[in-house]
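The values are calculated or read from the model by the stated rules, or taken from the named source; none is laboratory data. Note that the structure is predicted; figures quoted are calculated from it, not measured. Cβ coordinates were reconstructed from backbone atoms using ideal geometry, including for glycine residues, and neighbour counts include every protein chain displayed. Note: areas computed on protein heavy atoms with side chains; ligands, DNA, RNA excluded. Shrake-Rupley method; radii C 1.70, N 1.55, O 1.52, S 1.80 Å.
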There are 4 protein chains.
Amino acid sequence: MLRYLTGGESHGKCILAVMDGVPAGLHIYKSSIDKELARRMVGYGRGKRMQIEADKAEVLSGVRKNITIGSPIAMIVENKDQSIDSLPVVLDPRPGHADLAGILKYDLKDARSVLERASARETVGRVCIGAIAKMLLAEFGIRVMSHVIMVGGIEARTKGLGFNQIITLAEKSDLRCADYKAAARMREEIDAAAKTGDTLGGIFEVIIKGAPPGLGSYVQWDKRLDANLSRAIMSIQAVKGVSFGIGFKLAERKGSIVHDEILYDGKIGFYRKTNNAGGIEGGMTNGEDVVMQAVMKPIATLKKPLASANIKTKRPVKAVVERSDVCAVPAAGVIGESMAAVEIAGAMIEKFGGDSVTEMVRNYEGYLKQVKEI
Amino acid sequence: MLRYLTGGESHGKCILAVMDGVPAGLHIYKSSIDKELARRMVGYGRGKRMQIEADKAEVLSGVRKNITIGSPIAMIVENKDQSIDSLPVVLDPRPGHADLAGILKYDLKDARSVLERASARETVGRVCIGAIAKMLLAEFGIRVMSHVIMVGGIEARTKGLGFNQIITLAEKSDLRCADYKAAARMREEIDAAAKTGDTLGGIFEVIIKGAPPGLGSYVQWDKRLDANLSRAIMSIQAVKGVSFGIGFKLAERKGSIVHDEILYDGKIGFYRKTNNAGGIEGGMTNGEDVVMQAVMKPIATLKKPLASANIKTKRPVKAVVERSDVCAVPAAGVIGESMAAVEIAGAMIEKFGGDSVTEMVRNYEGYLKQVKEI
Amino acid sequence: MLRYLTGGESHGKCILAVMDGVPAGLHIYKSSIDKELARRMVGYGRGKRMQIEADKAEVLSGVRKNITIGSPIAMIVENKDQSIDSLPVVLDPRPGHADLAGILKYDLKDARSVLERASARETVGRVCIGAIAKMLLAEFGIRVMSHVIMVGGIEARTKGLGFNQIITLAEKSDLRCADYKAAARMREEIDAAAKTGDTLGGIFEVIIKGAPPGLGSYVQWDKRLDANLSRAIMSIQAVKGVSFGIGFKLAERKGSIVHDEILYDGKIGFYRKTNNAGGIEGGMTNGEDVVMQAVMKPIATLKKPLASANIKTKRPVKAVVERSDVCAVPAAGVIGESMAAVEIAGAMIEKFGGDSVTEMVRNYEGYLKQVKEI
Amino acid sequence: MLRYLTGGESHGKCILAVMDGVPAGLHIYKSSIDKELARRMVGYGRGKRMQIEADKAEVLSGVRKNITIGSPIAMIVENKDQSIDSLPVVLDPRPGHADLAGILKYDLKDARSVLERASARETVGRVCIGAIAKMLLAEFGIRVMSHVIMVGGIEARTKGLGFNQIITLAEKSDLRCADYKAAARMREEIDAAAKTGDTLGGIFEVIIKGAPPGLGSYVQWDKRLDANLSRAIMSIQAVKGVSFGIGFKLAERKGSIVHDEILYDGKIGFYRKTNNAGGIEGGMTNGEDVVMQAVMKPIATLKKPLASANIKTKRPVKAVVERSDVCAVPAAGVIGESMAAVEIAGAMIEKFGGDSVTEMVRNYEGYLKQVKEI
């Protein structure tokens, strides 16, 4: 069982995470964690905080001489801006944020105590966790990547591009978008929104390559991998929708067209020519790439603030303006990778057991052989 | 903590469910469970099984003289068709189903052992659970309903209709669609698909009315209500996408337009004029209706079967044809209600505690007063 | 992950259980479940209910042609005595039972609604689950047994007897006691107690033979196998204490004497000559037999009833007298086996993964080889 | 739901803990955490490490201006001795420790990687968590304390002493023992053991005062409070047995004597004159003090080392000698308080819900009134 908890406020001392259940014997590259943290910070349209922070993780436990020992892995990322105690009280809640509901729920007198934790800065901890998960998955040849497929209504076209092409192109793009023409238009949209104090949302896609068939299960509702991946991705701040494969277009097409016919080849076993299902059938991986999309709403902190009502006086006000971004879809994609990687790593650990990487790999290879010889 | 397990195969003896965590003192209307089971069975485009089964639940435990006693509630629905042992071996897996991945995962020699559990008949158990959850929610004035908003590409228009109008109209429609003109065209599409041995998918919407602000939380990823609702809905067979509020359209619009501005009224407290967020901000209910959509793929069992490969011989075959429906989106909506109701009931139990309805209601009313007097 | 829920009241329709997480490909012997149910019913000192009921389990799901298919296994045991609705209201709570606290907690007006579920008849469901767990463990050569080591202050002596001798002797004894001289005296104590309308408690021991080293873990508090076994055994009605190895005597002895020195033999690997630790070190199995004891209090339903206070009038009364036993320690031991078997099975599934018995055994054998070649 | 994870190795950078589910509005006294940490370190018979470390917790998140905000509370205690990377490889496993099984389980080549996490220093994190739990319980007038009742076979007598007397006396004793005569003899035993390089175990008792009736439940096995308390206490390093009330003596006495008769008084409601049950009936608190005992085995690190076998050579060796204590029963009692406090706090949160202390207290008071008016 893989599980974790994160802690920390946006302008508190740090963000930290404890991860329990990583097998022993995994090489942890500290630089890989920091690289993921850096990937989380970039993206055309990000705000000033990204220039202030230069997130570096310190691994506090669970790793000896760069190798996991089976014990919980604790990681901490210090905040450069630790001004939480001197920041002003927030009484004018921002529409689209946790501010108002958070105050009501926790009986607080200052929405600052809400927004400091509700902030997407919390995802620093998730990305640390995700980086470890990715390292584990790499032992099995599984890769998890993301790219941006829409910002402000501009759609990227990646039809015909393979996984490697997409990630190479996306990785070089400040919008994490593999369609550079579309990216140019997205930048224009972001610039236009920035000028008017507005914000933009978009869609990112997460792709998991190399997962074996049979992760997840149909036998009980909460074992379905697509359900758990959905929870993981939907839990990212500002995400309002998730889908697999061709997603909502499935409502418009016939069954004879959308289902991915089954073929067999002596070398590779059962396979598909299409992947409309996004690699999931019956709540399980089917051996094809897992492909999922998520829509992120426009950031809810606007420089041109929205109408609100003061918590104390109840009178109409303009919502408070916090330092924020114009568009953070590329970063959300990176966080999406992390959340997906953790879910897949968890499903791998559940299916293959094992307390060391050696044991887990041995079990995995036994299964691959079994699947091949069916 | 509300939790449950279901068991049972499609053509086995029964489907059953055990639900743990329902407070004592709740009146259980047996007829309400059966009514939900009946709602699950209807819908234009359903197949022959729906004529065979007339699902009635028997409550086996946890209820004395129609009142819950705090103990686990077990419910059983007998299958009329219990032919599981005489049904033919399935070696030609259906694309879009659990058949192939299930066989590989569980090392089975007959996909029958997969499809009997992967079948959506399993949702009979979920609907029983959901019926109990709805009865609990009714004690707090919370209602959960669904309607169909797309089938086979035909979109229903419900703009301008209120919750009560939608559910009244939907409830009378054999497609659970509040737009009768659209429904007529959907039926044509279903008929056309039926003629060619094809199937159709669609989109349903689930609406939760009356939930207080502050269910769910932003403090830890797995406490977000939208994340948990997504998992619950995505766990329904054939659902491939979920979204809240205006969903994927958020990728095309500006922040200044989509966020729901906050107003205050002495009588009703804080409120919104719009509900683009679908009633969830920061992973919590904000007091508005929770509105979510889910896309269901076309049913993967086609009378005009798709290409597949035999599990033993590996040679190309046509997929097996099982008895099935042409379109089951209305039923999926009913199941979606159940899953949503269970999640909301669970969030209510977590927030308000209480081992009896009396205690839970007392705690709830105390909170409403607190929220009002903020 | 192995998990389960039970439902059912003592004089309701049935006791039932749903078990999720059993791998596919396990042969289920229906007769073995019934044999365990029969073992639960015997024991010198049992009451009239044991003569009325002749528990037989019906397997409702998860098994096809006697083989598990990976789906949840539901089992039901019908009650012969289903008089719950006609039984008298209970207002005079029995000291030592859930009656009073249960009424307060669940805001009930009749302790009948408490005692019907709090009754040890609920363990029928646990024994069904335990029977399945034992069948799974048998695939790995793991056996779980119990014997009675004290009743009414009379201590059994089994020093010098091996596992096989103990279980053979215990299995033939109507007190499940391997020391027949002690058993004779225990019977006398039971007879004496019966005469005066009194009851007796005792101590049973559960032994798990054949578990590999490394089940459970020290890395997080809730992964310790001894902690989880303790929870499982302490959850049995009337159990008030649990211990491992030489248990509470450890408070009287020196470290140099109690710890089990480590030896090595080319054929069997690392081993011990003593087993004072009861097979658990650092929260993990160490390869020796897991040996744990549990104390059961005297049954709290006395024919010569204790003083109590009426729930309504608050006036002094004699506690209600329900049909009950004089001593049920042997039965508690059988239930203890079930609970222990489920915990060990769960730990095996977590460590070795696998969705089929074939896969799980393959992984297990790989681990045994690894351990041997260290 | 209250949950937490700890991380950290004995000679690593720190021990840390993240705690999720504490309601908002709780005053956190930093000094109270440190006081608990100091209590964990004292005790006649402790070793050198206790002189090196002077544990102070830093609260990293979840608290603003000394008040909880509902967010996860992260705490860190720095190790003074951070020599983990320079400490020698351990190949001679200590009997009684996790060393050998840990190496086998995690496929490690150095038992150092096991013992660094298996060490009881990990409990620093649990004590931090427990300190927070105690502060929450204090809001409801619930107190959790411990005292030592046996060391090295010497029994303390506290019959006739009330809760307040016991804790006052115990708190002043360097053995946390309320019977000063017994304590003097315990010290002699410890001195004698120290001289011969030996170690001693003992028994501590944890008492929870002020818990309302109805925490925990009989409705499902894993909801029983005694079961969960047992798991929590048994998870403490070196604890090998737990019991409630008069514990294992229940095996020697008659039902007519041991059960606590029920009385009623207009002012205090239902109550008992005796408490042989240790405050738990039917898996629930019954309103009396919860009283439980735990036996701790003699510390397994001996200066006069035990026989073992080298992991590599397999040849007979003396077990490695690590810095350690002669007796740590008083400290174990303090850790026991922490674990018990967390379980009770969790049960309170589950029963009373509430996201703020205000809300939780309001719900609690409503329940007390309900109980009184039954």
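Any chance you could give the angle, 0 to 90 degrees and rounded to 10, that helix A:30-41 forms with the longest Cα principal axis of chain A? Relative to chain A, helix A:30-41 is tipped by roughly 50 degrees. Gaussian network model of chain B, Cα springs within a sub-10 Å range: biggest mean-square fluctuation belongs to which of B:121, B:185, B:253? Largest GNM mean-square fluctuation: B:253. At a probe radius of 1.4 angstrom, the accessible area of the range C:3-372 per residue rounds to 32 square angstrom.
Scanning chain C for the beta carbon that comes closest to the axis linking it by rotation to A yields C:353, 1, distance in whole angstrom. Using amide H atoms built 1.01 Å from N in the peptide plane, name the residues 5+ places from residue B:281, or on other chains, whose amide H lies under 5 Å from its own. Those lying under 5 Å, H to H, from residue B:281 are B:286. Ellipsoid fit via the Cα gyration tensor, the range C:1-53: semi-axes of 26, 16, 9 Å, each the root of five times an eigenvalue, largest first.
Principal axis extents of the Cα atoms in the range C:121-268, from largest to smallest and rounded to whole angstrom, are 55, 39, 31.
For the range B:159-202, heavy-atom accessible area (probe 1.4 Å) falls by no less than 40 Å² from the chain alone to the full protein assembly at B:198. Amide H to amide H distances under 5 Å link residue D:204 with D:149, D:294, D:296, where only residues 5 or more positions off or on other chains count and H is placed in the peptide plane. Of all lysines in the structure, those lying under 17 Å Cα to Cα from residue C:172, and not within fewer than 8 positions of it along the same chain, are C:35, C:181.
Sorted shortest first, the distances from the residue B:261 label point to those of the same residue in the other copies are 5.6, 7.4, 8.5 nm; each point sits 7 Å from Cα along Cα-to-Cβ.
Estimated at the nearest 10 Å², the accessible area of residue D:44 is 70 Å² with a 1.4 Å probe. Protein heavy-atom surface of chain A, 1.4 angstrom probe: 53% of the accessible area is carbon and sulfur, with nucleic acids and ligands not counted.
Alpha carbon centre of the range A:216-247 versus the range C:327-368: separation in Å? One Cα centre to the other: 31 Å.
Take residue C:29, move 7 Å from Cα toward the beta carbon, and the resulting point lies 5.1, 5.4, 6.2 nm from the same point in each other copy, nearest first. Ranked from largest to smallest solvent-accessible area, with a 1.4 Å probe on the protein heavy atoms, B:171, B:53 come out as B:171, B:53. For the range C:331-374, a decrease in accessible area of 40 Å² or greater in the assembled protein chains relative to the isolated chain, with a 1.4 Å probe, applies to C:350, C:351, C:355, C:359, C:362, C:363, C:370, C:374. Taking every Cα-Cα distance in the protein assembly as shown and sorting them into 20 Å bins starting at zero, the pair-distance distribution P(r) comes out as 10, 38, 39, 12, 0 percent. Structure remark: mean-square fluctuation, Gaussian network model of chain B, C-alpha springs under 10 Å; the largest value among B:273, B:209, B:318 belongs to B:273.
Mean projected area of the Cα convex hull of chain A, taken over all directions, amounts to 20.0 nm².
Residues of the range B:206-225 that bury at least 40 Å² of accessible area once all protein chains are present, compared with their chain alone (1.4 Å probe, heavy atoms only, ligands and nucleic acids left out), are B:218, B:219, B:220, B:221, B:222, B:223, B:224. Extent of the range C:303-351 along its three principal axes (Cα atoms, max minus min coordinate, largest first): 56, 24, 13 Å.
When accessible surface is computed with a 1.4 Å probe, chains D and C are found to bury approximately 8800 Å² between them, both chains counted. What separates the residue B:65 label point from its copies, with the point 7 Å along Cα to Cβ, is 5.1, 5.4, 7.2 nm, written shortest first.
For the range A:232-328, the spherically averaged projection of the C-alpha convex hull amounts to 10.2 nm².
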